[in-house]
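Each remark here refers to the structure printed beneath this line.
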Amino acid sequence: MGIATSTALVWFRRDLRVQDNPSLNAALKSGGQVVALYIHSPEEQGEWSPGGASRWYLHHSLLALQSELAAIGVRLLCRTGNVQQVLTETCRQINVETTFWNQVIEPGQLALEEKIQTTLKAAGVTVEISPDDTLLLPQQALKSDGTPYKVFTPFWRNVQQRLQYEDFALRLSVAPQAISQPLEADPQAFKALQLLDQHDWHSKLHPYWNPGEQNSLKLFSDFIQKGLPTYETARDFPAESGTSVISAALHFGEISVARIYDYCRTLLLHESHPETVQSIKRFMAEIGWREFSRHLLHAFPDSHSESLNRRFEQPEAWELNQSDQILHRWQQGETGVPLVDAGMRQLWQTGWMHNRVRMVVASFLTKNLGIHWLHGARWFWDTLVDADLASNTMGWQWVAGCGADAAPYFRVFNPELQAKKFDPRGKYIQQWLGDEILTPTLVDLKISRERALERYQTFIRN
Ligand SMILES: Cc1cc2nc3c(=O)[nH]c(=O)nc-3n(C[C@H](O)[C@H](O)[C@H](O)COP(=O)(O)OP(=O)(O)OC[C@H]3O[C@@H](n4cnc5c(N)ncnc54)[C@H](O)[C@@H]3O)c2cc1C
């Protein structure tokens, strides 16, 4: 007769890695058998269930996770369906004693976690939850009056002050020790999830991405060496490889945000070159924007579908009777405005777009074309490999001028001036449009800007 050992279950969501994974670590330390579980539940996630490009990335990231876990003797189960039912059923089937998971700071998720915890406890299963998704929990970063920050600069100042005392030791770890012989990875395990669309449109993404923890760690370490020292100056030029391109890795938790922050903070201690110091600080602030977006969405959980400034929900805030054809031409990169079209082609081809160009195409859609930001947010949701509810919501509301810490509504990006400044030799435009003869512009930039300003003046005053 074999010796009965306890079984621990680790529920994976946005933490698709084995290093620096608090829940996996805790489960491995518990001393028994460890099983991992991923649940795909598109019905529950509704209109914000992962879009096409994101599902492609997820599929490959899970494949990589499966082999990382198999190497340390942990089997990854993949299931679809109602999360609570699947978790309860799995715990019963494999006789789980303790279930571990890392928190996801997103609307609905914390309430769901609470519900599941109650059900599992009632079934005799212990639950251990760890922080992971953000540097601080939303309740740790409130103003002195207990309300959430709506402006980035004081938010980030406060968060950084608090983080001085946060050593992340519990969240950071070396590669975990194997608990048994390596298992064989099973690529068939993912079939049930059906993450990949039948139509093979996604093969175009392969040349641009290497999902998985090991590849993402390599991407980050290459950036630290080659890109970080000049980040401050290079980050705004879309034709340069001036940014880290780790947004999808961060979204899926292939790298932990704690590791990135901690690493940068240590670099700062030893760096004296002014440009590099400035670059590291700037990069950390961008990690701060990711943090801010999560805290904001937590505080305003409907903001993924409604403007935070409710005046922007009045019909007159947008161009009435704007046709679907116009939106379609923006989506396809056929507006006749070179920087906008180049950006939309980059997105379609690669599943990613440079941040500067994201701002330009978003401003063009919401201001020059007068189309509600949600149409843009939904298109990004389906086409970005890094589609992230918090960052996408905040990005769109910031540009549209209707968010918490928004660009003033009268700031309309001029795509021609932006191209002159940030793509002075036209390299980026050439890369994505080649020598294509552009269609006539959808709107006159000057007239449509004036119309936008008139539109805003009327309803902002009301
Ligand atoms: C309209 C619009 C929509 C956006 N949608 C998304 C989205 O769905 N998912 C997403 O991850 N980012 C989104 N962003 C933010 C930003 O454009 C991307 O995070 C960035 O371009 C990713 O490239 P990178 O990893 O090279 O960034 P870097 O410049 O190398 O920054 C490092 C990391 O910091 C975070 N970050 C940087 N800028 C921002 C920002 N403005 N807001 C929040 N986090 C930031 C990201 O996690 C990024 O990977 C959006 C921005 C706009 C204007």
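Read the figures in this text as sums done on the coordinates, not as results from a lab. Bear in mind the structure is a predicted one, so any value in this text is a computation, not a measurement. All Cβ positions, even for glycine, are placed from backbone atoms using ideal geometry, and neighbour counts span all protein chains on display.
Among 260, 72, sorting on how many other beta-carbon atoms sit within 10 Å of each Cβ, with the fewest leading, yields 72, 260. Pairs from the table (367/427; 218/281; 143/421; 204/446; 218/367; 281/421) lying more than 29 angstrom apart at Cα are 143/421; 204/446; 218/367. Determine the shape class of segment 23-92: with a ≥ b ≥ c the square roots of the Cα gyration tensor eigenvalues, call it rounded for a/c under 1.5, and otherwise prolate if a/b is greater than b/c, oblate otherwise. Verdict is oblate for segment 23-92. Counting every other Cβ atom within 10 Å of each residue's Cβ, 402, 264 order from fewest to most as 264, 402.
Can you give the angle from 0 to 90° between the axis of helix 389-400 and the longest principal axis of the chain, with both taken from C-alpha atoms, to the nearest 10? Helix 389-400 sits at roughly 10 degrees to that axis. Helix 338-350 and the longest principal axis of the Cα set of the chain meet at an angle near 20°. To the nearest ten degrees, helix 152-163 and the longest principal axis of the Cα atoms of the chain are 20 degrees apart.
Here is how the number arises for the chain: DSSP H runs of 4 or more residues each give -39500 (n - 2.57), the sum is divided by the residue count, and the result at 222 nm is -14000 deg cm²/dmol. Of all lysines in the structure, those lying under 25 Å Cα to Cα from residue 29, and not within fewer than 8 positions of it along the same chain, are 121. Rg/Rh for segment 204-359 (Cα atoms only, Rh after Kirkwood) is 1.02. Once the chain from residue 137 to residue 157 is taken as fully extended at 0.36 nm per residue, the excess over their C-alpha distance is 5.6 nm. Per the Debye calculation on the chain with a single equal scatterer at every Cα and no solvent contribution, log₁₀ I(q)/I(0) for q = 0.07, 0.13 Å⁻¹ amounts to -0.38, -1.29.
The distance separating the Cα centre of segment 266-293 from that of segment 387-462 comes to 27 Å. One quarter of the convex hull surface built on the alpha carbon atoms of segment 302-360 amounts to 5.2 nm², the projected area averaged over directions.
Residues whose amide H lies under 5 Å from that of residue 40, counting only those 5 or more places away or on a different chain, are 79, 80, 81; hydrogens are built 1.01 Å from N in the peptide plane.
All alpha carbon pair distances within segment 118-184 were sorted into 5 Å bins beginning at 0; the resulting P(r) in whole percents reads 3, 11, 16, 14, 12, 15, 12, 8, 5, 3, 1.
The fraction of Cα-Cα pairs per 10 angstrom bin, counted from 0 for segment 239-284, comes to 24, 48, 26, 2 percent, rounded to whole percents. Computed on segment 43-177, the Cα convex hull volume stands at 171 Å³ per residue. Across segment 321-424, Cα-Cα pairs more than 15 Å apart make up 59 percent of the total. For the peptides 22-33, 354-365, the ranking by mean Cβ contacts within 10 Å, running from highest to lowest, is 354-365, 22-33.
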